[in-house]
1. Of everything in segment 157-187, what is at pLDDT 85 or above and surrounded by fewer than 18 Cβ atoms within 10 Å (Cβ to Cβ)? Give them in sequence order.
2. Being without any contact (Cβ under 8 Å) to a residue 24 or more places away in the chain and over 27 Å from ILE113 (Cβ atoms) is the filter here; which residues of segment 1-37 pass it?
3. Which condition breaks for GLU28 when tested against (1) of a type in the set (Asp, Glu); (2) modelled with pLDDT of 85 or more; (3) more than 16 Å from the chain's Cα centre (by Cα)?
4. Any residue in segment 64-82 that is exposed (fewer than 15 other Cβ atoms within 10 Å of the Cβ), under 22 Å from ASP153 (Cα atoms) and touching a Ser or Thr at 6+ places or on another chain (Cβ under 7 Å)?
5. Quick one: in segment 188-211, of everything that is open to solvent by 60 Å² or more (accessible area, probe 1.4 Å) and under 24 Å from the mean Cα position of the chain (by Cα), which residue is modelled with the highest pLDDT?
6. If we scan segment 117-134, do we find a residue that is among the basic types (Lys, Arg) and crowded, with 16+ Cβ neighbours inside 10 Å?
7. Please enumerate the residues belonging to segment 57-83 that are under 15 Å from LYS187 (Cα atoms) and assigned to a strand (DSSP E or B).
Amino acid sequence: MRGIDYFRQKIQELELVAPPEKSNFYREYTEFILRRMKDIYFIDSEGKALQVNAFFANPERAIAKLREDRTLTLPLITVSIDDIDQDVDRRRTDNSLEISTIWDKKSQRALRIISKTAKPINLSFSINIWAKYVEDINQILENVIKLFNPSLDFTTSHTTHTKAFIDQITDNSVVSVADKEDRVIRKMIVLTAEAYLSFPKYLVTSTGEIEKYNNEVIIDEN
């Protein structure tokens, strides 16, 4: 196998001529949290287990929807992505490379994959719980917190090892809606996902050269 310096140079050359590609990285993380929130239930005053409605929206947009749409039923959960930042504590050397072996089911052989080291970033999300009654919101808050034990582990096409931790829980109640006498109780959970932003991957061929990696190759988790 050729030296690391050779592969680092070849990757830089390929990056210069590579066409831009659309990434679903951030969307996948947001959709993962949203799917988990759609699995949240609470017990109503009649003892029935009801699923909480959940959708993507920042708090301002959620308040606007509550004021505009009288068909929205409380309680509900909204999810938003708030910030993206580099994680200096988890930062690794920029010139290092990741080398891994994957299994190609089609050819029934192991393939060697090489890429730049993934960049550690922190994704901040807000989970807002909206309800009319304290009992309802406390039930829902408890069920959401139980997902973090102590972390919520993400599963996306990029990783199965990203962990998200709760940073804080705040009370943001007293939100007026359509009727002046209506009052909405709101709890906000702020969490941080310790993610890694992956770089394009390349296949090391039998001749020792590299070419763009086909994402359809299946990773052998073992």
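1. Scanning segment 157-187 gives LYS163, PHE165, ILE166, ASP167, GLN168, ILE169, THR170, ASP171.
2. ARG35
3. (3)
4. Yes: one or more hits.
5. Once the filter is applied, the top-ranked residue is GLU194.
6. Looking through segment 117-134, at least one residue is among the basic types (Lys, Arg) and crowded, with 16+ Cβ neighbours inside 10 Å.
7. Listed by number, the residues that qualify are LEU76, ILE77, THR78, VAL79, SER80.
The values are calculated or read from the model by the stated rules, or taken from the named source; none is laboratory data. If you're wondering where the values come from, they're calculated on a predicted model, not measured in any experiment. As a convention, Cβ positions derive from the backbone with ideal geometry for all residues, glycine included, and neighbour counts pool all protein chains shown. For accessibility, only protein heavy atoms count, side chains too; no ligands or nucleic acids. Shrake-Rupley method; radii C 1.70, N 1.55, O 1.52, S 1.80 Å.
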